[in-house]
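Below is one structure, written out as structure tokens; the observations come after it.
All of the numbers you see were taken from the coordinates with simple rules; none came from a lab. Note that this is a predicted model, so its numbers are computed, not measured. Backbone-built Cβ (ideal geometry, glycine too); neighbour counts: all protein chains shown.
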């Protein structure tokens, strides 16, 4: 028997990079409800085009907002630069779904 006062799970979807941002945009366009959408990217222009209400520019010191150039090592360093901000954004989630492409 289900409890009528059950609290729904807090679900967060984070789109990383251009491919992840595109996936988040499609989910938002599909009117998915009950989900907090987040976008993270090293490319400031691509991040600005994402419809996610919460955005994080990764690796400002490393990439200066110009992207990772499809270099996974640059992307990794950029993410590590902003580990604390990423953890803060994901705090409180019961479920986290990460979506990304095969770029850097």
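For the chain, take N as its residue count and report Rg(C-alpha) divided by 2.2 N^0.38 Å.
On the way: Rg = 14.8 Å, N = 104, 2.2 N^0.38 = 12.8 Å.
Rounded to two decimals, the normalised Rg is 1.15.
Using a Förster radius of 25 Å, what is the FRET efficiency between residue 31 and residue 9 based on their Cβ-Cβ separation? Nearest 0.05, please.
On the way: r = 19 Å, r/R0 = 0.75.
So, using R0 = 25 Å, E works out to roughly 0.85.
How compact is region 1-55 by the rule of thumb for globular proteins, expressed as Cα Rg over 2.2 N^0.38 Å? Please list the in-between numbers first.
Values: Rg = 13.8 Å, N = 55, 2.2 N^0.38 = 10.1 Å.
Compared with the compact-globule rule of thumb, region 1-55 sits at 1.37.
Can you compute the helix-only [θ] at 222 nm over the chain? Use -39500 (n - 2.57) per DSSP H run of at least 4 residues, normalise by all residues, nearest 500 deg cm²/dmol.
Values: 5 runs with 41 residues, N = 104.
Calculated mean residue ellipticity at 222 nm is -10500 deg cm²/dmol.
Have a look at the DSSP beta bridges in the chain and tell me what percent are antiparallel, nearest 5.
Working: 1 of 17 bridges.
If I count the DSSP bridges inside the chain, around 5 percent turn out antiparallel.
With contacts defined as alpha carbon pairs under 8 Å and 6 or more residues apart, what's the relative contact order of the chain in percent?
Working: 195 pairs, mean separation 37.0, N = 104.
Once normalised by length, the contact order is 36 percent.
Which distance in nm do the two modelled labels at residue 98 and residue 51 give, with both placed 7 Å along the Cα-to-Cβ direction?
2.5 nm
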